[in-house]
Amino acid sequence: MKRYQIAVLPGDGIGPEVTAETLRVLAAAAPYMPDVRLEYERFSVGAAEYLKNGDPLPPAVVDRLRSVDAILLGAMGRPDVRWPNGTEMVPQIDLREQLDLYGGERPIYLYSEADTPLKGYGAGAVDFVLVRESTEGLFSSRRRAFARDAEVVEDTMRITRRAAERVCRYAFRLARKRRRLVSLVDKANVLPSMAFFRMIFDEVAAEFPDVRTERIYVDAASLYLVRRPERFDVLVTENMFGDILSDLAAGLIGGMGMAPSADIGDDHAVFQPSHGSAPDIAGQGKANPVAMILSAAMMLDWLPHPQATRGAKLIRNAVSFVFADPGNRTEDMGGSLTTKMMGKTITRALEKCAS
């Protein structure tokens with residue numbers, strides 16, 4: 001039997017609620033992965049940890065995370081808990097930088113025509129992955145302090161050759177497993193940093209002659225995502241552009257509660273829903289756990305074991321089965337299922353799909 005150490009970081013707000021249902025679904029998948037054993041270890045991180053001990057991401061926790069096989073994260077941060085410069089605490093971004101998780105993978109898949117604002121799009125008609133460089137870009141100056149009486153505050157778009165090369169290669173390798181199209185999203189007509197990114201993209205593209213490419217300015221990409229999302233397969237872009245476009249893309253498939261994600265590096269990986277901690281609904285049973293459940297499926301796919309891959313497929317099949325019934329929705333999608341009810345519904349569906 002292959003054992004995998006999984007760090008569980010429930011975090012803040014709705015994080016613990018969606019984490020609980022994700023662990024429920026993983027437990028239901030376990031019998032169908034008899035040679036795989038997931039061993040969980042929980043850690044306290046986030047705004048609540050900061051209020052308790054003065055650090056949202058303790059160094060001792062980060063050291064332990066470096067030794068596990070994968071990290072499953074609920075949500076971190078609260079709008080009312082901020083650093084002295086006024087910015088919100090985002091330990092999940094700190095984690096990406098400290099573990100060098102450069103490949104921000106955001107799958108966008110429509111499970112039901114009932115959940116999209118687009119006309120004439122059925123299940124599977126929207127199916128692409130946005131790859132976001134997650135260690136630099138416009139986020140690189142986020143820790144910079146500024147004086148209260150400042151007249152000017154500047155942020156810097158940092159693009160390094162190393163980071164651009166590896167995220168582009170990540171996107172091309174991913175496209176080889178899909179429909180072999182990579183769309184670069186940039187603003188190379190205006191920003192020198194983006195012209196540099198495009199130059200590196202072109203160099204990397206030459207290494208993958210079997211993959212088609214296109215180059216689209218970020219403003220045009222926003223239009224095409226709404227008007228013709230079926231044209232896309234894999235998109236690769238800078239950190240901030242990816243942050244914005246991934247939320248827009250989530251709106252095409254039912255909202256943030258349907259948007260899983262992974263932040264992957266050469267040695268470590270974090271799997272978490274794209275949504276935030278939503279403190280306004282925390283503890284009310286209203287949170288949609290599907291994004292985190294699908295993030296756990298991404299984790300299983302990432303683990304190097306064929307039975308883990310089978311478990312991932314079972315989870316996605318179960319979600320498809322559940323969403324074929326328009327009555328199976330949480331409040332954010334116009335339904336009445338609670339967080340726990342959705343978790344239980346997917347668990348039952350998984351057992352049906354496996355039989």
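Listing for the model above:
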| read-out | value |
| --- | --- |
| Net lengthening on full extension, Lys340/Asp247 (0.36 nm per residue, minus Cα-Cα) | 31.0 nm |
| Sequence-separation-based contact order of segment 1-98, relative, with Cα cut under 8 Å and 6+ spacing, percent | 39 |
| P(r) histogram, all alpha-carbon pairs of the chain included - 10 Å bins from 0, percent | 5, 24, 34, 27, 9, 1, 0 |
| Helix-only mean residue ellipticity at 222 nm for the chain, each DSSP H run of n ≥ 4 adding -39500 (n - 2.57), per residue, nearest 500 | -12000 deg cm²/dmol |
| Dipole in debye (nearest 20) - segment 1-71, about Cα centre, beta carbon charges: Lys, Arg +1; Asp, Glu -1 | 220 |
| Per-pair calculated FRET efficiency, R0 = 51 Å: His305 and Glu214 via Cβ, rounded to 0.05 | 0.90 |
| Segment Val226-Tyr32, length gained on full extension (0.36 nm per residue, minus Cα span) | 66.0 nm |
| Å³ per residue enclosed by the Cα convex hull of segment 154-290 | 146 |
| At most 15 other Cβ within 10 Å, DSSP loop - GluC sites (Glu not before Pro), segment 113-177 | Glu151, Glu154 |
| Percent antiparallel among DSSP beta bridges (both partners in the chain, rounded to 5) | 35 |
| Cα centre as origin, Lys/Arg/Asp/Glu Cβ charges: segment 158-283 dipole, Debye | 440 |
| Surrounding net charge for Ala250, when Lys and Arg each add one and Asp and Glu each subtract one, Cβ distance under 12 Å | -3 |
| Separation of the Asp280 and Arg176 label points, Cα + 7 Å toward Cβ, nm | 4.5 |
| Entries of Lys177/Lys344; Lys313/Lys352; Lys313/Lys344; Lys286/Lys352; Lys2/Lys340; Lys119/Lys344 with Cα pairs more than 21 Å apart | Lys177/Lys344; Lys286/Lys352; Lys2/Lys340; Lys119/Lys344 |
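Rule-based calculations on the coordinates, nothing more; no lab input. Since we're looking at a predicted model, the values are computed, not measured. Note that each Cβ is placed from the backbone with ideal geometry, even for glycine, and that neighbours are counted across all protein chains shown.
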